Amino acid sequence: MKRQLTITALLIGSALAGSQAYADFSGDARDAWITGKLEAVYALNPHLDAFSIKTETTAAKVHLTGTVDSDIDRDLAGELAKGIDGVVSVDNDLVVKSGTRSTTPHAATATAKPSDKSTAANGDRPFGVWVDDATTTAMVKSKLLADPNIKGTKIDVDTRSDVVTLSGTVGSREQKELAEKIAKNTGDVKQVKNQLVVGSTG
């Protein structure tokens, strides 16, 4: 445990010390900067185990391997990687651990848009805010999936500056209200925009 904390502290220190823009680097130095920053982000994220995720960067293309606890954690790791300055694409080969919420094989490649570089791959938010929002989205999704009265509904979750937007379809007004309450009671959520539509979920 002490060793993990020491490594985490070193990662955080490296990220802070090397906080200059990725544009200051090129080639192998740039790849090392991307890998180091991403590992620090994973180490700070309460949903992810940085020691079970292997990050490799080649020519600004990130390759993720290792294991995570759920589909949501896998997607979160991929989204965080796409938000790092300079990342061209993310090859997400993370595998959900056997016996956890999903064992569905998955490999996805996502390309980061050039215009995303200064805005954390999503709008005009600073990178730190974007990371917090991605984490909140993962937390809300996890809680919705865990609730037996919500499970099976088609709910999309998006977070911007601690404001959560719920969209999609639920089977009843009660499910719509429950989904909103679950989101409101998650982490640092300040507001929930409930755009869920009551209808057939089949």
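What order, most packed first, do the peptides 137-148, 73-84 have when packing is the mean number of other Cβ atoms within 10 Å of each residue?
Listed from highest to lowest mean packing, they are 73-84, 137-148.
Once phi is turned into ³J(HN,Hα) by the Karplus curve 6.51 cos²θ - 1.76 cosθ + 1.60 with θ = phi - 60°, what whole-Hz value does each residue of region 52-59 show in order, with x for glycine and proline?
Taking θ as phi minus 60°, the curve returns 9, 10, 9, 10, 10, 10, 9, 6 Hz for region 52-59.
For a label point 7 Å from the Cα of ARG173 along Cα→C-beta, name the residues of region 129-166 whose backbone N is under 19 Å from it.
Counting only backbone N, you get 150.
Once phi is turned into θ = phi - 60°, what whole-Hz ³J(HN,Hα) does the Karplus curve with 6.51, -1.76 and 1.60 give for every residue of region 28-44, x standing for Gly and Pro?
Per-residue couplings from phi come out as 4, 5, 5, 4, 5, 5, 4, 4, x, 5, 5, 5, 5, 4, 5, 5, 8 Hz.
For VAL88 and ALA29, calculate 0.36 nm times their separation in residues minus their Cα-Cα distance, and state this gained length in nm to one decimal.
19.7 nm
Once amide H atoms are placed 1.01 Å from N in the peptide plane, what residues at a sequence separation of 5 or more from ARG160, or on another chain, have their amide H within under 5 Å of its amide H?
THR165
In the neighborhood of VAL129, defined by Cβ-to-Cβ distances under 12 Å, what is the net charge if each Lys or Arg adds +1 and each Asp or Glu adds -1?
With Lys, Arg at +1 and Asp, Glu at -1, the net is -3.
Values in this text are rule-based calculations from the coordinates and carry no lab data. The model shown is predicted, which means the values in this text are computed figures rather than measured ones. Because the Cβ atoms are built from the backbone with ideal geometry, glycine has one as well, and the counts that use them run over all protein chains shown.
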